[in-house]
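Worksheet: the structure to be examined is printed underneath.
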Amino acid sequence: MSWRHAAIAEVRPETAHAKTLVLDVDGWPGHRAGQHVDIRLTAEDGYQAQRSYSIASAPESPRLELTVERIEDGEVSTYLVDEARAGDEFELRGPIGGYFVWHAGLDGPLVLVAGGSGLVPLVAMLRHRRAARDMTDARLLLSARTADDVLYRDELAALGAGDVAVRLTLTRAAAPPPEFPEAWTRRIDRAMLEELGPAPGTGARIYVCGPTPFVEEAARLLVELGHDARSVRTERFGPTGG
Amino acid sequence: MHTDGNAIAGVLEEVFARDVTATDRVCQSCRARRAIGAHRLFRGAGMVLRCPACGDIAAAIVAVEQGYAVSIRGTWLFK
Amino acid sequence: MAFTRGFRGRRSDVDPARLPPGQYETKDFPVLSAGPTPHTPLDEWTFTIDGAVGASRRWSWEDFTALPAETLTVDIHCVTKWSKFDTTWTGVPVSALVEGTSPSGEHVVAWSDGGYTTNLPLADVLDGKAWIAHRYGGEPLDPEHGGPARLLVPHLYFWKSAKWVRGLTITEHDEPGFWEGYGYHNHGDPWKEQRYWSD
């Protein structure tokens, strides 16, 4: 699995702190929803930094898209969000990952639980579901700080008005935003997951993604609710350690 | 603070020439069977993968000049 | 493709004489660990010197923090290629702890809560070369950086500065520790770039 040349075709702001990079990647072999890529940046003096980013685009999408959230003092994310522009190049390898993937045609309801930018690989699954005209029962619970931090806000509102159950909880907002009048305003808890459903024993395939503490709490609650631990797939985002 | 085996899926694919995040491992200490993607990943001087049930070492990976020094424990069930 | 336009990374202008080969300076203090952060209550914490010694010694936290300590400012070098200049620590010199134990071995294994170990020549922790540090930057050492106390051996790569250290066992034979057993160099001198087994 070698490093390929990638060039930014377009930069699309998502929120005040996040942007989607639309990429042209030499020889891109295609991917499955939920997979990620590793990218490698090289400075003029040869210094290199490497990070992983989940693929936001559906496999059916003509171009590869990554959504990057700016982390305060982040070495790579601050470059990608503050500086990078169309025409910039870096190296990329992937697609990577076979554990945290979903494709249309798998049985069972699809349950997605996202914390912050953990939404990225899960939105790829929803985009793929839509592109494949798949009718699987799909539900999303997103936890974000405020309405302004919600990635793909309009798209999620449209999905929610369509055939996906989209639930939102905001941990630092006083009240639900107009597009999501039923949003909760607290940290993820058992009651939310119970209301999201479906009930255990219906063969749900559950994907949880976000910062480690969020994922561990959500996974714990899901198992406590009675879901088979093996049906809960997790992907933890965290600091790269330097 | 840790993440999980998904975070080093790229490195593991370099080593094994295939995705291993969906590969199950049976722990040598506690006999729990979990996917590599579900194992806890710690980044120290090198990468340390630990059993999510008991915390014992599943793998230690050091990026060396020519490649990787990979120490593997437990039974990994490749299909 | 040569490089990524506009990317510099989190580095600053450096005095090259202070930077060992292959290193980059950082202003951060990355948190790196082979396992979860232990949280030993201070009333259960002890530090021990034992092994190939005439007499072993053990201190409680209260006794340990009452020992004369030194404050020093040093550069530290991680094998993952970052170096951090002018870090300030307060700790007890290892020489003072080993004194009176009559060691008969020439090697040391430092061992920590959580099971981490690292090995060094005894000579590398005596004579002003190593401390058991319990303060960093004038504050109590944070658990994520090894608190309540860690070994500090600035002249070697920082994996030798074992976090959450609970004792030094003197040994007659060299016993490779955690990372030394998994691919890192047995000695780890950054100025000779002794990173890996093959170096």
Worksheet entry | the stretch A:81-97: number of residues that are buried (at least 19 other Cβ atoms within 10 Å of the Cβ) and at the interface with chain C (Cβ under 9 Å from one of its Cβ atoms) | 5
Worksheet item: How many residues does the stretch B:14-40 hold that are open to solvent by less than 50 Å² (accessible area, probe 1.4 Å) and in contact with a Lys or Arg (Cβ under 8 Å, 6 or more places away or on another chain)?
Response: 10
Item to complete: Scan the stretch C:122-166 for residues that are of a type in the set (Gly, Ala, Ser) and within 21 Å of C:Tyr196 (Cα to Cα) and jot them down.
Response: C:Ser161, C:Ala162
Practice prompt. Looking at (1) facing another protein chain (nearest Cβ under 7 Å); (2) under 16 Å from A:Ile96 (Cβ atoms); (3) of a type outside the set (Val, Ile, Thr), find the lone condition where B:Ala45 falls short.
Written response: (2)
Discussion item. Can you pull out every residue in the stretch B:28-45 that is in a loop (DSSP other than H, G, I, E, B) and either under 12 Å from the mean Cα position of the chain (by Cα) or over 14 Å from B:His2 (Cβ atoms) (or both)?
Written reply: B:Gln28, B:Ser29, B:Cys30, B:Arg31, B:Ala32, B:His39, B:Ala45
Fill in: The listed residue being among the β-branched types (Val, Ile, Thr), assigned to a strand (DSSP E or B) and without any contact (Cβ under 8 Å) to a residue 60 or more places away in the chain, out of C:Thr118, C:Thr80, C:Thr169, C:Thr90
C:Thr90
Worksheet, complete the sentence: Scanning the stretch C:24-49 for residues that are more than 12 Å from every other protein chain (Cβ to nearest Cβ), of a type outside the set (Val, Ile, Thr) and open to solvent by less than 20 Å² (accessible area, probe 1.4 Å) gives C:Trp45, C:Phe47
Discussion item. Against the condition surrounded by fewer than 24 Cβ atoms within 10 Å (Cβ to Cβ), within 25 Å of C:Asp63 (Cβ to Cβ) and either within 11 Å of chain B (Cβ to nearest Cβ) or among the polar types (S, T, N, Q) (or both), how does C:Gly137 come out, does it pass?
Written reply: no
Response to the item:
Taking the stretch C:109-134 and the residues there that are under 23 Å from C:Trp45 (Cα atoms) and small (Gly, Ala, Ser), the one that is surrounded by the most Cβ atoms within 10 Å (Cβ to Cβ) would be C:Ala130
Practice prompt. State all residues of the stretch B:41-79 that are under 18 Å from A:Arg230 (Cβ atoms) and in contact with a Leu (Cβ under 7 Å, 6 or more places away or on another chain); if no residue qualifies, say none.
Written response: B:Ala58
Worksheet item: Failed condition for C:Val92, given (1) surrounded by 18 or more Cβ atoms within 10 Å (Cβ to Cβ); (2) farther than 15 Å from C:Leu72 by Cα, with all others met?
Response: (2)
Worksheet, complete the sentence: Scanning the stretch A:209-241 for residues that are open to solvent by less than 10 Å² (accessible area, probe 1.4 Å), assigned to a helix (DSSP H, G or I) and in contact (Cβ under 8 Å) with a residue 60 or more places away in the chain gives A:Val215, A:Ala218, A:Leu222
Worksheet item: In the stretch A:38-49, what residues are modelled with pLDDT of 95 or more and more than 8 Å from every other protein chain (Cβ to nearest Cβ)?
Response: A:Ile39, A:Arg40
Worksheet, complete the sentence: When (1) assigned to a loop (DSSP other than H, G, I, E, B); (2) surrounded by 11 or more Cβ atoms within 10 Å (Cβ to Cβ); (3) over 18 Å from the mean Cα position of the chain (by Cα) are applied to C:Pro21, the one that fails is (2)
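The values are calculated or read from the model by the stated rules, or taken from the named source; none is laboratory data. None of the values given here were measured: they were computed from a predicted structure. Note: ideal-geometry Cβ built from the backbone for every residue, glycine included; neighbour counts use all protein chains shown. Ligands, DNA and RNA are excluded from the accessible area calculation, which covers all protein heavy atoms including side chains. Shrake-Rupley method; radii C 1.70, N 1.55, O 1.52, S 1.80 Å.
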